[in-house]
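Novice: Pasting in a structure now, in structure tokens, and then I'll have a few things to ask.
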Amino acid sequence: MITKLGRSRTRVTVVVLAVTALTLTASWLVAPADTARATARLAAVSPVEDEGADCPTPDPGSTTANSRLPDPFRKPDGSRITTKADWRCQRAATKQLAQRYVYGDKPAKPQTVSGTVSNTSITVNVAHNGRSASFSASVQLPSSGTAPYPAVVVLGGFGADTATIRAAGAAVISYDPLAVGREGTPRNNKQGAFYTIYGSSSSSGLLVAWAWGVSRIIDVIEQSGGGILRADATGVTGCSRYGKGAFVTGAFDQRIALTMPIESGSAGSPIFRGIPGESGSQPLSSAYGEQPWLGDAFGSYTGNPANLPVDTHQTVAMVAPRGLFIMDNPHIDWLAARSSSVAALAGAEVYRALGAGDNITYWSDVQDGTHCAARSEWRTPLQQHIQKFLHRTGSSAGVFRISSRKAGSLPEWRDWQTPVLADSPTTPAPTTPAPTTPAPTTPPPPTTPPPTTPAPTTPPPSTPPPSGACTASVSVDQWTGGFVATVRVTAGPAPVNGWTVAMTLPSGVSVTNAWNTQRSGSSGAVTFSNVTYNGSISAGGSTEFGFQGTGTAGTLSPTCTAG
């Protein structure tokens, strides 16, 4: 992995990989020949959903509270793994802990999975123990290349920029996870294709259900004969709650070559232990109660995450050594980007031990604070990751670009050291050999439209604001029972020194959290005013704040007053 210092126009980005106690060794920066060969073997996508299904996974028994991150290299018997081959069963033990305490069980492949793959759609039919369910996904083929194509599954139409994905020669599979695990349902009456098969009272959360649906899509692609899509070159992405889903999906299916969660927030990549101490982040109790994303068992740990025998850095490690590109937004406190950077830093230690440090990237150094925006900073690395992990013709190194706004420090969170794992003759060979000559990365397209979002947004006004005034526009990310609103305040031809935005919320809507603003009121007529660092706006310039609410936002009409 290569670490870089990202520099923005307003703040200097700090890469927190070597703060006093954390030292990068030469093997981390430049892989010798034998390590490179081991990396090539390990990076191969698996032909099976779970390589460690045959590993013994003993019951962990009682656990001891630990405010530090659990040691990802420590086996259930207390010893530590010593070879790279040991990781197969260590991952299986980690998976058992993650299912038992955090996400709920992800069942193995059902008794019958069938379906079809065409140039425009995928159908999935599942039958198990006398129950059956069906769902489908749409397909957009890439704008270049020839079949069979690699593909990226986009959860909810809301993830990495689809125009860039297709321009890089990969198909886009638009998957509606709500058809498999519906939001807005109580925990004892969950709905969707997954719960039709396994019961509405299943203790497994929606994130596992959504991941199960992607696995069934891959099953159908495998059975299709590979004339249109390649089953061994599948990526997954999603943003916000769908970022949570993409994160879990990539961790739980080893056939996925590239995992790309975006701004996943609490219940996504941020470490559970860090969230209570990260100001403004969504509390664990809120994430658990907002939707049944996490497994039912996690409810016992929302107030005491230190009692968990597992944390999300180990979910990161479950993806290793496959491709992982975590994208975060440091401008919205609610998203807990600092805790997410710690998860990535700690999980990267497993990548490093496996000789696959170049296969993980974390990037939160971005200018635009809009939730789930299509960002220019991510366009080139997105193309490079598709080339490397889906086409297998690229050789770009992983990078960590951590914003100084939300920079986590790994030494504060770990009391374990990364072992040197020996190579082993039992290390599995790749299903597809790594290429010897990397091909150049496809240049980025000249323009990139924003991704399709699941809810309509209100565009900024087309007419310029009057002199000495300000205007406000709002975009809304709506889901069943809640939403996040991003409000942009724009100055007219004259500078603005202080601003207030007022709006009337519909009946039944209540604000639960806000960032980059001072709020007055939580329902009905509410006002938002600047904080010290964003009150001054240059002529024609803009700033943004956001808030989260419950209910259906509908069409919001903000008004801005300067001064």
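Every residue, every condition in (1) under 29 Å from Asp296 (Cβ atoms); (2) surrounded by fewer than 23 Cβ atoms within 10 Å (Cβ to Cβ); (3) of a type in the set (Lys, Arg), yes or no:
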{"position": "Ser134", "(1), (2), (3)": "yes, yes, no"}
{"position": "Pro150", "(1), (2), (3)": "no, no, no"}
{"position": "Val153", "(1), (2), (3)": "yes, no, no"}
{"position": "Ala170", "(1), (2), (3)": "no, no, no"}
{"position": "Tyr175", "(1), (2), (3)": "yes, no, no"}
{"position": "Pro186", "(1), (2), (3)": "yes, yes, no"}
{"position": "Lys190", "(1), (2), (3)": "yes, no, yes"}
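Novice: Same structure again: Here are some residues: Arg182, Arg241, Arg230, Arg216. Which one is modelled with pLDDT of 95 or more, of a type in the set (D, E, K, R) and closer than 17 Å to Ile262 by Cα?
Specialist: Exactly one residue qualifies, and that residue is Arg241.
Novice: Restrict the check to segment 385-397 and report whether at least one residue is within 28 Å of Pro330 (Cα to Cα), modelled with pLDDT of 95 or more, in a strand (DSSP E or B) and not β-branched (Val, Ile, Thr).
Specialist: Among the residues of segment 385-397, not one is within 28 Å of Pro330 (Cα to Cα), modelled with pLDDT of 95 or more, in a strand (DSSP E or B) and not β-branched (Val, Ile, Thr), which makes the answer no.
Novice: On to the next question. Kindly indicate which of Ala485, Ala455 is under 23 Å from Arg241 (Cβ atoms), modelled with pLDDT under 90 and assigned to a strand (DSSP E or B).
Specialist: Exactly one of Ala485, Ala455 is under 23 Å from Arg241 (Cβ atoms), modelled with pLDDT under 90 and assigned to a strand (DSSP E or B), namely Ala485.
Novice: Could we say that Gly303 is closer than 28 Å to Gly61 by Cα, part of a helix (DSSP H, G or I) and among the small types (Gly, Ala, Ser) here?
Specialist: no
Novice: Can you find a residue in segment 316-323 that is over 21 Å from Val350 (Cα atoms), outside any strand (DSSP E or B) and touching a Lys or Arg at 6+ places or on another chain (Cβ under 9 Å)?
Specialist: No, that holds for no residue.
Novice: Return yes or no: is Thr490 more than 27 Å from Ser281 (Cβ to Cβ), at pLDDT 90 or above and surrounded by fewer than 18 Cβ atoms within 10 Å (Cβ to Cβ)?
Specialist: Answer is no for this residue.
Novice: Scan segment 391-416 for residues that are over 30 Å from Ala151 (Cβ atoms), touching a Gly at 6+ places or on another chain (Cβ under 8 Å) and not hydrophobic (A, V, I, L, M, F, W, C) and jot them down.
Specialist: Residues satisfying the conditions are Ser403, Gly408.
Novice: List the pairs whose first member sits in segment 238-257 and is touching a residue at least 24 places away in the same chain (Cβ under 8 Å), whose second member is assigned to a helix (DSSP H, G or I) and of a type in the set (S, T, N, Q), and whose Cβ atoms are under 6 Å apart, counting only residues at least 6 apart or on separate chains?
Specialist: Partner pairs satisfying both residue conditions: Ala251/Thr315; Asp253/Ser215.
Novice: Do any helices (runs of 4 or more DSSP H) lying entirely in segment 146-226 carry at least 2 residues that are of a type in the set (Gly, Ala, Ser), and which ones are they?
Specialist: Those helices (runs of 4 or more DSSP H) span 162-167, 206-223.
Novice: Quick check: anything in segment 48-70 outside any loop (DSSP other than H, G, I, E, B), touching a residue at least 40 places away in the same chain (Cβ under 8 Å) and touching a Phe, Trp or Tyr at 6+ places or on another chain (Cβ under 8 Å)?
Specialist: no
Novice: So which pairs qualify, if the first residue must be in segment 519-541 and farther than 30 Å from Ser507 by Cα and in a strand (DSSP E or B), the second must be modelled with pLDDT of 90 or more and not polar (S, T, N, Q), the Cβ gap must be under 6 Å, and the two must be at least 6 apart or on different chains?
Specialist: Within 6 Å, the pairs are Ile537/Ala491; Ile537/Val496.
The values are calculated or read from the model by the stated rules, or taken from the named source; none is laboratory data. What you see is a predicted model, and the numbers here were worked out from it, not measured in a lab. In this analysis, Cβ positions are derived from the backbone assuming ideal geometry, glycine residues included, and neighbour counts consider all displayed protein chains.
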